[in-house]
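Visitor: My questions will all concern the structure given below.
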Amino acid sequence: MNKAIKTLYYVAICLAASTTMWSCSDNDDPTPPPVDPPALTTEWDSEAYYKGDYYDNSTGNLWVGLISTSLTYSEDDEDYVGNGKIILIDFNTALAENPDFATLKPGDYVCADTHAEGTINLDDESYVTVYTENASPEMLSVTDGYINVSLTDGIYTLEGTLTTSDGTETEVKYVGPLAIYNRSDEGHKSNITGNITLSALTQGLALYGGEVFTSTSDYYMLIISEADYDVESNFGPGQAINLGLNVTPGSNTGIPSGTYTLIDPMEADDYDPFTALGGFYEATYGGFYGAWYFYSLKGLEASAATGTVTVDNKGNNQYTITLNLKDGYGHAITGTYTGALQLEDVS
């Protein structure tokens, strides 16, 4: 997955020994000279997910994926194509104080099957997949190796060697940011730190599912986004909102006008019309449901927990949709979309 690469400048520390004090020059100029920015990795994209105490061992399980930038994803093949590798490393790190803002603790990680802090999981949890043009990918389990992790000013360095089941050693070096998303059962599933205003929403896709969760209401999945977002694949660098609207049964020709109030989908007795599902993540059944904010370019996502979605169906497939949402921390996610919706009946 492509992520924004931020250019960071390290502060150079000039230390010269003196019998009485440290100084950078004879005139004690307090301004350190600038240095070149760190050499960020260009041959890898990255993704990372925190899964909490997954192994019940008082450690934080954190999964890092490195994808060769030489690979491209094929919708037809539903897999990557080209020449390159995908390296998946299943780390056991320190438990996060807040799973929404987990980090990979710096230090040395060695391959072991103990799930202890400072280890990399084996048993097919870590592996290297080798892609060759016009050939089936070969997935090789990691059997041994180590990775050293360092972190400076938000930039990670992952460096080491992994041995795979065929005896091959794969050298690993990644320098860059890691957007670590919370996939544990804890936290608010939001890593935004302030209010979000969506002012450039230009397109929308409405998927009518019919009677999906209950006979009380029908269900629409609604995706509204900026221009640089693919609503069909539900991914892209731009900002987007996913919504799950519970509508009057039989509303297959458009979303009825009204105010849809977010509910907790895990606690509600039923999904009445003119409610909307708060965002929740369920890996077993395919991932994201309900109200979510995505901005992959910045490594941001947020589950909306409360608020309203106001729909004004003007007819002729013209809508005004107004968002007044909040995540679990109280950060507002607001915006308005005016225009047509691409309507698809997938019931």
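Visitor: Look at G330 and say whether it is on the phi > 0 side of the Ramachandran plot and assigned to a loop (DSSP other than H, G, I, E, B).
Guide: yes
Visitor: If you check F235 against the conditions, is it touching a Ser or Thr at 6+ places or on another chain (Cβ under 8 Å) and at pLDDT below 95?
Guide: Answer is yes for this residue.
Visitor: I'm trying to understand the selection: among the residues of region 250-265, which are surrounded by 14 or more Cβ atoms within 10 Å (Cβ to Cβ) and farther than 16 Å from V309 by Cα?
Guide: Answer for region 250-265, where residues must be surrounded by 14 or more Cβ atoms within 10 Å (Cβ to Cβ) and farther than 16 Å from V309 by Cα: S251, N252.
Visitor: Tally up the residues in region 114-130 that are closer than 15 Å to T164 by Cα and not hydrophobic (A, V, I, L, M, F, W, C), please.
Guide: Residues in region 114-130 being closer than 15 Å to T164 by Cα and not hydrophobic (A, V, I, L, M, F, W, C): 7 in total.
Visitor: Which of the residues spanning region 40-60 are free of Cβ contacts under 8 Å to residues at least 60 places away in the same chain and in a strand (DSSP E or B)?
Guide: Answer for region 40-60, where residues must be free of Cβ contacts under 8 Å to residues at least 60 places away in the same chain and in a strand (DSSP E or B): D45, G60.
Visitor: To continue, here is another question. Kindly indicate which of L95, L88 is free of Cβ contacts under 8 Å to residues at least 60 places away in the same chain, within 15 Å of R183 (Cα to Cα) and of a type in the set (A, V, I, L, M, F, W, C).
Guide: Exactly one residue qualifies, and that residue is L95.
Visitor: Grab the strands (runs of 3 or more DSSP E) fully contained in region 147-250, keeping just those with 3 or more residues being over 19 Å from the mean Cα position of the chain (by Cα) and within 25 Å of Y329 (Cα to Cα).
Guide: So the answer is 239-247.
Visitor: Would you check which residues across region 63-91 are more than 19 Å from N121 (Cβ to Cβ) and of a type in the set (G, A, S) and list them?
Guide: Passing the criteria: S68, S70, S74, G82, G84.
Visitor: Name the residues in region 145-159 that are at pLDDT 95 or above and at positive phi, would you?
Guide: G145
Visitor: Restricting to region 271-328, give me the number of residues that are among the hydroxyl-bearing types (S, T, Y) and either touching a helix residue (DSSP H, G or I) at 6+ places or on another chain (Cβ under 7 Å) or over 21 Å from G339 (Cβ atoms) (or both).
Guide: 9
Visitor: Sticking with this structure for a sec: So if I check each of I86, I180, I120, which one is touching a Cys at 6+ places or on another chain (Cβ under 6 Å) and modelled with pLDDT of 95 or more?
Guide: I120
Visitor: Now for a different question. Give the number of residues within region 103-146 that are part of a loop (DSSP other than H, G, I, E, B) and closer than 23 Å to N182 by Cβ.
Guide: Here the count works out to 11.
Visitor: Test of understanding: among T214, T152, T197, which residue is touching a Phe, Trp or Tyr at 6+ places or on another chain (Cβ under 6 Å) and surrounded by fewer than 16 Cβ atoms within 10 Å (Cβ to Cβ)?
Guide: None of the other options fit; the residue is T214.
Visitor: Further question: Being in contact (Cβ under 8 Å) with a residue 60 or more places away in the chain and either outside any helix (DSSP H, G or I) or not assigned by TED's automatic domain parsing to the domain that holds L243 (or both) is the filter; apply it to region 260-293 and report the residue that is farthest from the chain's Cα centre (by Cα).
Guide: L262
The values are calculated or read from the model by the stated rules, or taken from the named source; none is laboratory data. Just so you know, these numbers come straight off a predicted model, no measurement behind them. Neighbour counts are summed over all protein chains in view; Cβ atoms, including those assigned to glycine, are modelled from backbone coordinates with ideal geometry.
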